[in-house]
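Structure first, commentary second.
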Amino acid sequence: MKIAIELYQIIPGSSGGIVPQLQNLLSRAFVLYPDADFLVYATSDSYHPAEPLPPNVQLYILPKANFWGELTQALLKQQAEVLFRTYPSAESESPLFPLSRQIALIPDLQHEEMPELFSPEVLEARRRSFPPLINSAGAICVYSKSSEQILRQHYPDTKAEIVLVPPGPNLELLQLETTLTPAEAELIPSDPFFLYPANLWPHKNHRRIFEALRQLPEKITLVLTGNPAGWPELQAEYPDLPLHH
């Protein structure tokens with residue numbers, strides 16, 4: 001079977017936890033299904049599996065400007081049988097490929113559960129791009145039983161098969177050396193500290209964590225990782241706390 005995978009919207013550093021989840025999912029799929037041919041389509045900016053790739057995996061870097069048109073042509077040329085969509089996109093930004101042969105990863109429905117966290121533009125874009133895939137895809141991947149329950153509440157008429165794909169340890173990361181460079185070691189506080197790896201998105205509740213730290217009888221350092229966009233402004237609101245990004 002030829003299984004196509006598109007990674008257009010998955011950007012390391014910006015896409016959050018979906019990146020390590022896909023790293024784990026794809027690396028395991030490549031190993032567990034050696035008889036399948038995986039056709040991976042990405043851009044120079046998006047995430048794509050690390051080389052060397054297994055013999056059953058072919059990576060294609062497509063131009064970002066005309067990604068969906070190029071992808072449509074590639075799917076026809078390579079005779080792909082199934083397309084794995086890593087994130088929903090608007091109909092105008094999707095390949096011409098039967099929805100019934102698409103598998104869609106739906107990481108969350110935060111725009112339905114917490115619409116106040118999104119700008120009107122982002123909210124409108126999500127509500128335009130999610131329904132076609134959820135209603136008509138052949139299958140939908142979710143992270144948890146809770147995610148499945150929320151999806152069924154908002155889309156009770158979906159005919160797609162819902163598949164549970166829980167996060168797990170990333171096979172690529174398990175192979176990395178754990179030794180830190182001197183520069184990295186200097187970033188780690190010498191005293192006990194908390195670590196919170198998450199982008200500075202509203203639903204990650206950084207402000208709630210900071211307020212909780214203020215309630216502690218003694219100050220404990222909090223180390224943050226993730227995309228630092230917006231950090232100087234956020235840090236300025238809490239000058240009394242030992243916060244480090």
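Report, ordered by the first and then the second residue, all pairs with beta carbons closer than 6 Å, sequence separation of six or more or different chains, a first member in region 184-207 that is under 19 Å from Gly13 (Cα atoms), and a second member that is open to solvent by less than 60 Å² (accessible area, probe 1.4 Å) and of a type in the set (Ser, Thr, Tyr).
Between residues of region 184-207 that are under 19 Å from Gly13 (Cα atoms) and residues that are open to solvent by less than 60 Å² (accessible area, probe 1.4 Å) and of a type in the set (Ser, Thr, Tyr), the close pairs are Pro197/Thr225.
For region 3-26, indicate whether the set of residues that are buried (at least 20 other Cβ atoms within 10 Å of the Cβ), assigned to a strand (DSSP E or B) and aromatic (Phe, Trp, Tyr) is non-empty.
The answer is no, given that none of the residues of region 3-26 is buried (at least 20 other Cβ atoms within 10 Å of the Cβ), assigned to a strand (DSSP E or B) and aromatic (Phe, Trp, Tyr).
Among residues belonging to region 145-160 that are basic (Lys, Arg) and within 11 Å of Asn135 (Cα to Cα), point out the one that is most open to solvent (accessible area, probe 1.4 Å).
Initial filter on region 145-160 (basic (Lys, Arg)): 145, 152, 159.
When the remaining residues are screened for being within 11 Å of Asn135 (Cα to Cα), the result is 152, 159.
On the way: Arg152: 114, Lys159: 173 Å².
That would be Lys159.
Can you confirm whether region 122-132 contains a residue that is under 20 Å from Pro88 (Cβ atoms), open to solvent by 40 Å² or more (accessible area, probe 1.4 Å), touching a His at 6+ places or on another chain (Cβ under 9 Å) and modelled with pLDDT under 90?
Within region 122-132, one or more residues are under 20 Å from Pro88 (Cβ atoms), open to solvent by 40 Å² or more (accessible area, probe 1.4 Å), touching a His at 6+ places or on another chain (Cβ under 9 Å) and modelled with pLDDT under 90.
Just for region 194-216: of the residues that are open to solvent by 80 Å² or more (accessible area, probe 1.4 Å) and under 16 Å from the mean Cα position of the chain (by Cα), which one is modelled with the lowest pLDDT?
Checking each candidate, the answer is Trp201.
May I ask you to say which residue of Ala74, Ala50, Ala65, Ala80 is modelled with pLDDT of 95 or more and part of a loop (DSSP other than H, G, I, E, B)?
Unique residue meeting the criteria: Ala80.
Considering only region 88-103, I want to know if a residue exists there that is of a type in the set (A, V, I, L, M, F, W, C), within 22 Å of Gly16 (Cβ to Cβ), open to solvent by less than 70 Å² (accessible area, probe 1.4 Å) and not in a helix (DSSP H, G or I).
Yes: one or more hits.
The values are calculated or read from the model by the stated rules, or taken from the named source; none is laboratory data. This is a predicted model, so every value here is computed, not measured. Methodologically, a virtual Cβ is constructed for each residue, glycine included, from the backbone with ideal geometry; neighbour enumeration extends over all protein chains shown. Areas reflect the complete protein model, heavy atoms only, side chains present, ligands, DNA and RNA absent. Shrake-Rupley method; radii C 1.70, N 1.55, O 1.52, S 1.80 Å.
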